[in-house]
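One structure is given here, and the rest of the page talks about it.
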Amino acid sequence: MSQSIEASKVDTFLQELAAIQQSGSKRVAILGSRHVPITHQQLIELMTYALVLGGNRVITSGATGTNSAAIRGAMKADPNLLTVILPQSLERQPRESRDQLEDVMHLVENPSNDVLSLAEASSICNQEIISRCQQLICFAFHDSHTLLRTCQDAEDQRKIVTLFYFD
């Protein structure tokens, strides 16, 4: 059993090494908490800006906080390299999110999830996002259950996952 675990760790390490060495563009998902201090949002925006300037495609959702910062960064660099996938319809988003999303060229709504709770719809949305990416960058708290489950699902799908904790 321990050889299997060790082989899995080696396989994961080699996969991460290959991803780091990849010189071409990647599809990077950026997800995270809504409750983010402004200084952290500025760092997320700057990181996203740099990722897009490097030719990477960014995929995120439309919530405030982390996702909003990622949208701002990507929009400044190249709006064509940003895809925003909403957990529900645009009408179900807060007013400040809708204002920001008006300028997003690649916007995917999920009105069929309007009957679900936001937590259920977000979980489904996060699954769609990780299915489209090669790498996930996530900003969460230790009690961000939906985000942590998304990170685990991404790892299970052999995606490269970078998880930053706010606490």
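Of all residues in the range 55-78, those satisfying the criterion of being more than 17 Å from H35 (Cβ to Cβ) and not in a helix (DSSP H, G or I) are G55, N56, R57, V58, I59, D78.
Looking only at residues in the range 137-153 that are in a helix (DSSP H, G or I) and touching a residue at least 40 places away in the same chain (Cβ under 8 Å), the one that is surrounded by the fewest Cβ atoms within 10 Å (Cβ to Cβ) is L147.
When M105, M75 are screened for being exposed (fewer than 15 other Cβ atoms within 10 Å of the Cβ), among the hydrophobic types (A, V, I, L, M, F, W, C) and under 17 Å from Y49 (Cα atoms), only M105 passes. I'm checking my understanding of the structure. Among residues of the range 54-101 that are out of contact with any helix residue (DSSP H, G or I) (no Cβ under 9 Å at 6 or more places or on another chain) and over 22 Å from K26 (Cβ atoms), which one is modelled with the highest pLDDT? Ranking the qualifying residues of the range 54-101, first place goes to D99. The set of residues from the range 109-126 being surrounded by fewer than 19 Cβ atoms within 10 Å (Cβ to Cβ), aliphatic (A, V, I, L, M) and either touching a residue at least 12 places away in the same chain (Cβ under 8 Å) or within 17 Å of A154 (Cα to Cα) (or both) comprises L116, L118, A119, I124. Which one of these is over 17 Å from G65 (Cα atoms) and among the charged types (D, E, K, R): E96, E91? Selected residue: E91, the only one of E96, E91 that is over 17 Å from G65 (Cα atoms) and among the charged types (D, E, K, R). Could you list all residues from the range 33-67 that are among the hydroxyl-bearing types (S, T, Y), out of contact with any Asp or Glu (no Cβ under 9 Å at 6 or more places or on another chain) and in contact (Cβ under 8 Å) with a residue 12 or more places away in the chain? Answer for the range 33-67, where residues must be among the hydroxyl-bearing types (S, T, Y), out of contact with any Asp or Glu (no Cβ under 9 Å at 6 or more places or on another chain) and in contact (Cβ under 8 Å) with a residue 12 or more places away in the chain: S33, T48, Y49, T60, S61, T66.
The values are calculated or read from the model by the stated rules, or taken from the named source; none is laboratory data. Just so it is clear, the model here is predicted, and its values are computed rather than measured. Please note: Cβ atoms are built from the backbone with ideal geometry, for glycine as well, and neighbour counts cover all protein chains shown.
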